[in-house]
Amino acid sequence: KMGGLPGDYIIPAFTLHEGINIVYAVYENAGYAKEFVYMEKEAGIMNIRILGSSLAELPLKDWKFKEVSQTAQPDSQPEISPDYNDSNWPSLKLINQEPSFVHFLRRGIFRTEIRLSENDIKSGRTALFISQLGDLAWIYINGKRVAVSRSRLISRTFDLKKQLHPGINIIAIIIDNYDLYASG
């Protein structure tokens with residue numbers, strides 16, 4: 001297990017070798033307590049995907065974060081602009097923890113940047129994997145909305161090949177917290 005809720009399991013590409021790899025999935029249905037954050041989470045194997053090596057090679061560890069009110073429409077938040085100055089925002093790390101950054105009935109804005117080469121994009125290093133994307137979320141690349149998620153506490157992968165360009169790309173994620181127990 002590498003982060004995420006119980007049941008989320010990621011095999012990093014660097015643990016696989018060239019040729020045939022055998023992966024065994026043994027599943028015991030112990031179920032989930034049907035309360036709090038697990039109320040809507042289904043038990044069982046919900047999805048299995050092969051992801052490219054970008055998951056292991058380009059972890060997005062360094063983020064900036066700001067909590068704001070939910071008064072503006074997400075697309076009109078100035079913080080999603082690639083030109084927005086977030087230098088005075090606090091930094092945070094999102095690796096292997098269950099973040100609780102966004103307070104109940106508030107909005108959190110997460111920002112980071114990633115530098116990509118033309119070869120990175122051509123070789124398919126364009127999938128953005130997010131574990132535990134809770135409540136209502138909007139994902140922006142370089143100021144443009146690329147996805148909306150309403151998937152409470154489910155890991156998601158977004159293919160951003162059309163939105164990314166060589167050089168610095170700004171990723172902004174807005175999270176609206178409507179759940180007292182799932183906050184980030």
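Computed values, structure above
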read-out	value
Formal net charge of residues neighbouring Val68 (Cβ-Cβ distance under 9 Å; K, R +1; D, E -1)	+1
Peptides 118-124, 157-163 ordered by average Cβ neighbours within 10 Å, highest first	157-163, 118-124
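Taken together, the values in this text are just the output of simple stated rules run on the coordinates, not laboratory data. Computed from a predicted model, the values in this text were never measured in an experiment. Glycine also receives a Cβ, built like all others from the backbone with ideal geometry; neighbour counts cover every protein chain displayed.
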